[in-house]
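The values are calculated or read from the model by the stated rules, or taken from the named source; none is laboratory data. Treat the numbers as computed from the prediction; the structure is a model and nothing was measured. Cβ coordinates were reconstructed from backbone atoms using ideal geometry, including for glycine residues, and neighbour counts include every protein chain displayed. Please note that ligands, DNA and RNA were not included when accessible areas were found on the heavy atoms of the full protein model with its side chains. Shrake-Rupley method; radii C 1.70, N 1.55, O 1.52, S 1.80 Å.
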Amino acid sequence: VARQQALMERDCAKVRPFEKEELVSQHQKLLQEYLDLGRINVMERINVNQAFLQKYERDPQYEYLTVYLQARMRDYIIDEKTRQVLMGNPNADCYMQYLMKFTRKNGVKTDPAAASNIIACPHCGAPTQITSAGKCEYCGFIVTTGDYDWVLCDMQAVKPGLLLPGWGRKR
């Protein structure tokens with residue numbers, strides 16, 4: 001949901017602390033394409049209908065969670081100047097399914113008390129805003145590498161009718 005809102009508001013910095021660098025780069029390219037074309041991707045009435053853990057993996061350095069997410073939303077593209085709808089239907093819901101892969105370093109424990117917007121930089125210890133594009137304002141260290149908590153490292157749309165491993169029926 002935050003990713004969609006960031007694209008709609010044309011501000012990828014809002015999701016930067018929660019995504020790996022490669023994914024942020026992909027989203028910035030997509031946003032730049034919309035900016036160059038004078039388009040806005042509008043996403044409204046976003047509802048997560050279902051989400052569950054689909055797979056857990058671990059390698060010597062990192063652990064990974066793959067989460068299946070099913071959502072309903074209004075998704076359409078408008079011209080930034082005229083506000084005319086160029087693609088999609090603002091009056092019809094679309095149903096989306098995603099596989100979202102998260103990663104963090106082995107041994108890291110999520111601290112529910114640290115869910116505030118201010119965290120301590122793991123490199124220099126300075127208080128850092130979590131919305132600060134993932135970098136410590138004091139030392140420049142990138143905080144969102146997955147070494148300190150879960151970050152989104154991959155997101156794929158699921159094709160309708162795809163049978164995923166471990167599922168007994170098509171979704």
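Filter the stretch 100-109 down to residues that are in a strand (DSSP E or B) and open to solvent by 40 Å² or more (accessible area, probe 1.4 Å) and give me whichever is farthest from Glu57 (Cα to Cα).
The first filter runs over the stretch 100-109 and keeps only residues in a strand (DSSP E or B), leaving 100-105.
Subset that is open to solvent by 40 Å² or more (accessible area, probe 1.4 Å): 101-102, 105.
On the way: Lys101: 10, Phe102: 10, Lys105: 12 Å.
Once the filter is applied, the top-ranked residue is Lys105.
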So for the stretch 60-68 (the condition being outside any strand (DSSP E or B), surrounded by fewer than 15 Cβ atoms within 10 Å (Cβ to Cβ) and without any contact (Cβ under 8 Å) to a residue 24 or more places away in the chain), does at least one residue qualify? no
Scan the stretch 1-40 residue by residue and report those that are out of contact with any Leu (no Cβ under 7 Å at 6 or more places or on another chain), of a type in the set (A, V, I, L, M, F, W, C), open to solvent by 30 Å² or more (accessible area, probe 1.4 Å) and modelled with pLDDT under 85. Val1, Ala2, Met8, Ala13
Where the second residue is open to solvent by less than 80 Å² (accessible area, probe 1.4 Å) and in a loop (DSSP other than H, G, I, E, B) and the first is of a type in the set (D, E, K, R) and lies in the stretch 81-107, which pairs have Cβ atoms under 7 Å and are six or more apart or on separate chains? Lys81/Gly38; Arg104/Gly146; Arg104/Asp149; Arg104/Trp150; Lys105/Gly146; Lys105/Asp147
Subset of the stretch 69-99 that is closer than 20 Å to Glu9 by Cα, of a type outside the set (A, V, I, L, M) and in contact with a Phe, Trp or Tyr (Cβ under 8 Å, 6 or more places away or on another chain) - its residue that is surrounded by the most Cβ atoms within 10 Å (Cβ to Cβ): Gly88
